[in-house]
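Enquirer: Dumping the structure here so I can ask a few things about it.
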Amino acid sequence: MISVEGLKVEFGIKPLFTDVSFVINERDRIALVGKNGAGKSTMLKILAGIQTPTAGTVAIPNDCTIGYLPQVMNLQDNTTVREETRKAFADVDKMKEKVDRLQHEMETRTDYESESYMELVDKFTIAHERFLMMGAESREAEMERTLTGLGFQRTDFDRPTSEFSGGWRMRIELAKLLLHHHDVVLLDEPTNHLDIESIQWLEQFLATSSQAVVLVSHDRAFINNVTNRTLEISCSRVVDYKVKYDEYVVLRKERREQQLRAYENQQKEIADTKAFIERFRYQATKAVQVQQRIRQLEKIVPIEVDEVDNSALRLKFPPCLRSGDYPVICEDVAKSYNHNVFHDVNLIIKRGEKVAFVGKNGEGKSTLVKCIMGEIPFEGNLKVGHNIQIGYFAQNQAQLLDESLTVFQTIDNVARGEIRLRINDILGAFMFGGEASEKFVKFLSGGERSRLAMIRLLLEPVNFLILDEPTNHLDMVSKDVLKEAIKAFDGTVIVVSHDREFLDGLVDKVYEFGGGNVREHLGGIYDYLRAKKAETINEAIGLSSSKQDGNDRKNAAADSASAAGNSSVTSNSSKDDISAAGNAAVGVSQQMTYEERKAEQKRLNKIAKQRKTLEDQIEKLENRKAELDDLLMKPENAANMQMVNEYTELQAQLEKLEEEYFGLE
């Protein structure tokens, strides 16, 4: 479908690509891999036609359509979710207009026997068949299925896109891309803004699609489940492995060992040749041999070897105080905003445990973390153990960095002991190698600030780590470094993450958030899924909710039967007493008259309407607050006082509305 021949790209002295050639075939699912700065995103832009190479050709058939999802894009704010997603069907709408136009022309003409009329019929037939082949009849259902698969609720479809955060609006763009049914789909970090359920839905969609896929992702489980071929950008060239990522890692290790052996042999040959030249340079009897060796040395093509893989780097948290035996104890903890986030949370986290908080977005994972941190009020009892030194990583931690310092100075200020000698290695492992270490914090993007905040956390003496989506801006090497550091950490860890590969082998307990409940499951993330006999977190939560509802109904039925039985014994089976006992069991009051019950119902309906109005207002303000959070994460908005003032006013309005809402409750 797409043929790349002799591709070359130059930005500086050293070319990014040199003599790159490969072919993308139908139904290929390709993982594009390589170290940061190797040119993965640049390659996608070239394939998408957004960027032009210095030399070489990219041949694309005329009837081949390409869809591209970048990491960052300009998003529309003036439509609803449904209207914005419908833009994916622009080609279908054009075809429908053509079909309608041809049909109208057929209806208005009367020369049924003419040759031109028969040509018109043929055109209509072809257009109509193509219209049906485009799935026009089922596009609404397909659109709803795609949006719900990516985490949207049906109640979200008619909400303005401006009410959603940047991450959710990126999901809308992803939905549009998938619904367009391009021949080739190019995805640059598509999982950054998705939770586990949405990632697994996307995996299934791509695995069963007839489209060719080229993707860049740092989610190892995702690319393993989706791709069947790996293109590695290494030493300015592309090496094609016709295998999945896990198999590629094994083959790449073997190839690197071969490269090193060849490199060492060549270096020995060069050293021996130079030694011979230096030894016999001034001996007339050896002049011919010396000239031969000089020419031989000039003809040698140096063997390039990849830079040393920093995944071998090991970080160790500095020593700290021993914490209490139970860092966190929750007893009947509950939290509500405009709805019940969770209730009756009872959990105990022991010293040294590493646990995961999993579940759909909005189910309360980050909210419980904020309760533990003491950042928000809650109901119930929550105790934090003695001698607890918390290291907390959240997205807004990046805003607390000193903008007047460089990247190197930021880490140098917190590093202690021998680790100071390895600061450059650590920065390189987290994509701040070379000149990037001298950049000032104020010039860093939101993602770069998040990575820098993570490095700082790794070097601080803490005994209790709380990490909220720590892997969103890390590549695989950085994630491996972080994972190994946490595994070697002696303290207690809570990880809120949707990255299954990161959680696998790291945590020994899973807390499932869903339907207002928090349930404990012993074992790792895949043990949890196997125990629930589910393939996705969403499915597991659904099974848990159904089981709980069934138990509640059984208990209610048993209580009703018991109450009715006791009443019948004490009243000698009197019909009136049995009726009264039955009514009491189901909670029906016999003391209210019809007029009183009607008035009470009217009052409750009025309160319900008021609550609904407040819920809508609170939701709108929360969405705007989340949007401001995203905007203030960007370096250029860090000192924007207008946004800061708006954020403060929003917070005050929210508190006032929530108090009013609780009063109605």
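The values are calculated or read from the model by the stated rules, or taken from the named source; none is laboratory data. Predicted, not measured: the structure shown is a model, and the values here were computed from it. Glycine also receives a Cβ, built like all others from the backbone with ideal geometry; neighbour counts cover every protein chain displayed. Accessible surface is based on the protein model in full, side chains and every heavy atom, while ligands, DNA and RNA are left aside. Shrake-Rupley method; radii C 1.70, N 1.55, O 1.52, S 1.80 Å.
Enquirer: Do any residues in the stretch 595-621 that are of a type outside the set (Asp, Glu) have Cβ atoms under 8 Å from those of residues that are modelled with pLDDT under 80 and open to solvent by 80 Å² or more (accessible area, probe 1.4 Å), where the two are at least six apart or on different chains, and which pairs are they?
Expert: Cβ pairs passing all conditions: ARG611/GLU665; LEU614/GLU660.
Enquirer: Criterion first (modelled with pLDDT under 85, at negative phi and touching a Lys or Arg at 6+ places or on another chain (Cβ under 9 Å)) does LEU315 satisfy it?
Expert: Taking the combined requirement at face value, the residue satisfies it.
Enquirer: Tell me whether the stretch 133-152 contains one or more residues that are more than 30 Å from GLU363 (Cβ to Cβ) and open to solvent by less than 30 Å² (accessible area, probe 1.4 Å).
Expert: yes
Enquirer: What residue, of ASP425, ASP344, is touching a residue at least 40 places away in the same chain (Cβ under 8 Å) and at positive phi? Spell out how you get there, then give the answer.
Expert: Numbers: ASP425 fails: at positive phi.
Unique residue meeting the criteria: ASP344.
Enquirer: So, in the stretch 101-110, exactly how many residues are open to solvent by 50 Å² or more (accessible area, probe 1.4 Å) and either touching a residue at least 12 places away in the same chain (Cβ under 8 Å) or closer than 12 Å to LYS123 by Cα (or both)?
Expert: Selection size over the stretch 101-110: 3.
Enquirer: Hey, ARG420 hits all of (1) of a type in the set (Lys, Arg); (2) open to solvent by less than 60 Å² (accessible area, probe 1.4 Å); (3) in contact with a helix residue (DSSP H, G or I) (Cβ under 8 Å, 6 or more places away or on another chain) but one; which does it fall short on?
Expert: Tallying (1) of a type in the set (Lys, Arg); (2) open to solvent by less than 60 Å² (accessible area, probe 1.4 Å); (3) in contact with a helix residue (DSSP H, G or I) (Cβ under 8 Å, 6 or more places away or on another chain), ARG420 fails exactly one: (2).
Enquirer: Can you tell me which condition LYS483 does not meet? The list is (1) closer than 23 Å to VAL33 by Cα; (2) in contact (Cβ under 8 Å) with a residue 40 or more places away in the chain, and all the others hold.
Expert: Status for LYS483: all satisfied but (2).
Enquirer: Could you tell me whether LYS123 is more than 29 Å from THR208 (Cβ to Cβ), in contact with a Phe, Trp or Tyr (Cβ under 9 Å, 6 or more places away or on another chain) and open to solvent by 40 Å² or more (accessible area, probe 1.4 Å)?
Expert: no
Enquirer: Which residues, counting only those in the stretch 194-208, are surrounded by fewer than 22 Cβ atoms within 10 Å (Cβ to Cβ) and touching a residue at least 24 places away in the same chain (Cβ under 8 Å)?
Expert: Residues of the stretch 194-208 that are surrounded by fewer than 22 Cβ atoms within 10 Å (Cβ to Cβ), as a first pass: 201, 203-208.
Across the stretch 194-208, the qualifying residues are TRP201, PHE205, LEU206, ALA207.
Enquirer: Determine whether the stretch 43-53 contains at least one residue that is closer than 21 Å to GLY6 by Cα, touching an Asp or Glu at 6+ places or on another chain (Cβ under 7 Å) and in contact (Cβ under 8 Å) with a residue 24 or more places away in the chain.
Expert: yes
Enquirer: Report, by residue number, each residue of the stretch 161-181 that is closer than 22 Å to ASN224 by Cα and touching a strand residue (DSSP E or B) at 6+ places or on another chain (Cβ under 8 Å).
Expert: LEU174, LEU177, LEU178
Enquirer: Sort out which residues of the stretch 342-380 are charged (D, E, K, R), open to solvent by less than 30 Å² (accessible area, probe 1.4 Å) and touching a helix residue (DSSP H, G or I) at 6+ places or on another chain (Cβ under 8 Å), and write them in order of number.
Expert: Selection gives LYS354 alone.
Enquirer: Any residue at all in the stretch 262-275 that's within 27 Å of PHE22 (Cα to Cα) and not β-branched (Val, Ile, Thr)? So that I can check it myself, show each step before the final result.
Expert: First pass over the stretch 262-275, keeping only residues within 27 Å of PHE22 (Cα to Cα): 262-263.
The next check asks that each one be not β-branched (Val, Ile, Thr); those that pass are 262-263.
Scanning the stretch 262-275, I find at least one residue that is within 27 Å of PHE22 (Cα to Cα) and not β-branched (Val, Ile, Thr), so the answer is yes.
Enquirer: Further question: What single numbered condition from (1) open to solvent by less than 50 Å² (accessible area, probe 1.4 Å); (2) in a helix (DSSP H, G or I); (3) at pLDDT 75 or above fails to hold for ALA90?
Expert: So ALA90 meets the others, but not (3).
Enquirer: Can you pull out the strands (runs of 3 or more DSSP E) entirely within the stretch 335-430 that have at least 1 residues that are charged (D, E, K, R)?
Expert: Those strands (runs of 3 or more DSSP E) span 340-349, 354-359, 379-384.
Enquirer: Would you confirm whether any residue within the stretch 442-450 is surrounded by 21 or more Cβ atoms within 10 Å (Cβ to Cβ), in contact (Cβ under 8 Å) with a residue 60 or more places away in the chain and not in a helix (DSSP H, G or I)?
Expert: Yes: one or more hits.
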